[in-house]
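First comes the structure, then the notes that go with it.
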Amino acid sequence: MKITGAGPKIAVPTFLCLIITAIISSFSVPLFTITRNSYSTLLIIAVIMIIIGAIMVITVARKLLKSFKAGILMTDGLFKVFRNPMYAAYSIFIIRGICLLFNSWLVMSTVIGNWLVFMIFLKQEHRYLEEKFGADYKNSLQ
């Protein structure tokens, strides 16, 4: 398995969904609008979420590159908190932050699509990690 894991298989449908919902939402603005009065608050929340997610991604990516090259299983840092910290950063912070920027409930539905795709493709990655690291991987999940 490549270092990107299931990432591209998750990212492509997620961003296609984001684009499609954003286009549909732009043609029916009042119907799906989250807020008309306090978009600046929504914007601040979105930017904060994206920044937190980006910091998580950068932190995890640096550690993951080192461990991938060395062939070791990552179990410290954010890996102690999240089973998949990079995917968590995207799903919890970045995707939701980007969706909030559009100020649309329809675009926010991308989060559901992202979760479904995540659940489907992540199984392959977990099987690979279990085969490669065996008991170490299973123990890291507890």
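The values are calculated or read from the model by the stated rules, or taken from the named source; none is laboratory data. As the structure is a computational prediction, the values presented were derived from the model and not from experiment. Counting neighbours? That spans all protein chains shown, and the Cβs are built from the backbone with ideal geometry, glycine included. Calculation scope for accessible area: heavy atoms of the full protein, side chains included, ligands and nucleic acids excluded. Shrake-Rupley method; radii C 1.70, N 1.55, O 1.52, S 1.80 Å.
Observations on the model:
- Count of residues meeting criterion [assigned to a helix (DSSP H, G or I) and either of a type in the set (Asp, Glu) or out of contact with any Leu (no Cβ under 9 Å at 6 or more places or on another chain) (or both)] in the range 64-88: 9
- Taken together, the residues in the range 94-118 that are assigned to a loop (DSSP other than H, G, I, E, B) and basic (Lys, Arg) amount to 0.
- Some residue of the range 89-103 being within 22 Å of Ile45 (Cα to Cα) and polar (S, T, N, Q): yes
- Selection from the range 1-15 of residues that are in a helix (DSSP H, G or I) and either on the phi > 0 side of the Ramachandran plot or loosely packed, with under 13 Cβ neighbours inside 10 Å (or both): Pro8, Val12
- Residue match in the range 128-136 (condition: within 18 Å of Ile52 (Cα to Cα), in a helix (DSSP H, G or I), out of contact with any Leu (no Cβ under 7 Å at 6 or more places or on another chain) and touching a residue at least 60 places away in the same chain (Cβ under 8 Å)): no
- Checking Thr41, Thr35 one by one, the residue that is more than 19 Å from the chain's Cα centre (by Cα) and not in a helix (DSSP H, G or I) is Thr35 and no other.
- Taken together, the residues in the range 23-35 that are aromatic (Phe, Trp, Tyr) and either within 16 Å of Ser109 (Cα to Cα) or crowded, with 16+ Cβ neighbours inside 10 Å (or both) amount to 1.
- Exactly one residue among Gly77, Gly97, Gly134, Gly113 is small (Gly, Ala, Ser), touching a helix residue (DSSP H, G or I) at 6+ places or on another chain (Cβ under 8 Å) and more than 28 Å from Leu16 (Cβ to Cβ), and that residue is Gly77.
Conditions tested, residue by residue: (1) open to solvent by less than 90 Å² (accessible area, probe 1.4 Å); (2) touching a residue at least 60 places away in the same chain (Cβ under 8 Å).
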position: Thr21; (1), (2): yes, yes
position: Asn37; (1), (2): no, no
position: Val60; (1), (2): yes, no
position: Ser67; (1), (2): yes, no
position: Pro85; (1), (2): yes, no
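- The listed residue being closer than 30 Å to Lys2 by Cα and in a helix (DSSP H, G or I), out of Ser26, Ser91: Ser91
- Selection within the range 109-141 - buried (at least 16 other Cβ atoms within 10 Å of the Cβ) and of a type in the set (D, E, K, R): Glu125
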